[in-house]
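The values are calculated or read from the model by the stated rules, or taken from the named source; none is laboratory data. Remember, predicted model here, so these are calculated numbers, not experimental data. So basically every Cβ, Gly included, is an ideal-geometry build from the backbone, and we count neighbours across all protein chains shown.
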Amino acid sequence: MNNKSYLAAYKTPSICHPEKPAISYGLCGSCRQKRDAHKYRETKRLWAERFRLKYPEINKKRQIECKLKSNYGITTKQRDEMIEQQKHRCLICNREKPLVCDHNHITLKYRRMICYRCNLQTRYIESDPEYFPKIRKYLNEH
């Protein structure tokens, strides 16, 4: 009897695929890997959820950093430097208000930091160039 047939005779078939030998927990190698991957993802998800609840201030900071990087391609440090350069003032209305990242809503290209109110107005004007004259006409008539 050769060595391979000797080992094959003593291996127990797997529960999932009887033609394959059981590696552990009665599963074949590929099914065991799938089980482990699913278990790992679930454990990682639970860990992340516990971390978010235990350290909300760290999580909020991470969320802001990720949003800035993915949406606008800038870091929080770059954002803070721009706010300092602008002396905490909106570039449009020149008021000292909390600033938001302005970007082109079509190309998603980041522009500068402006206040929320001005950002909304630029969004409307950008999407419809006739928006501003319509408002001016409305205000003059009423």
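Of ARG112, ARG32, ARG79, all but one fail to be farther than 30 Å from PRO129 by Cα and either touching a residue at least 12 places away in the same chain (Cβ under 8 Å) or of a type in the set (D, E, K, R) (or both); the exception is ARG32.
Taken as a whole, the structure places GLU65 among residues that are farther than 30 Å from ASP128 by Cα and either exposed (fewer than 13 other Cβ atoms within 10 Å of the Cβ) or within 19 Å of the chain's Cα centre (by Cα) (or both).
It is to be established whether one or more residues within segment 22-39 are modelled with pLDDT under 85 and touching a Gly at 6+ places or on another chain (Cβ under 8 Å). Taking every residue of segment 22-39 in turn, at least one turns out to be modelled with pLDDT under 85 and touching a Gly at 6+ places or on another chain (Cβ under 8 Å). Considering every residue within segment 91-106, establish whether at least one is part of a helix (DSSP H, G or I) and surrounded by 12 or more Cβ atoms within 10 Å (Cβ to Cβ). No, segment 91-106 has no match at all. If you go through segment 34-60 and keep only what is under 30 Å from CYS16 (Cβ atoms), of a type in the set (Ser, Thr, Tyr) and surrounded by 11 or more Cβ atoms within 10 Å (Cβ to Cβ), you end up with nothing. Tallying residues that are touching a helix residue (DSSP H, G or I) at 6+ places or on another chain (Cβ under 7 Å) and farther than 16 Å from ILE64 by Cα within segment 77-102 yields 3.
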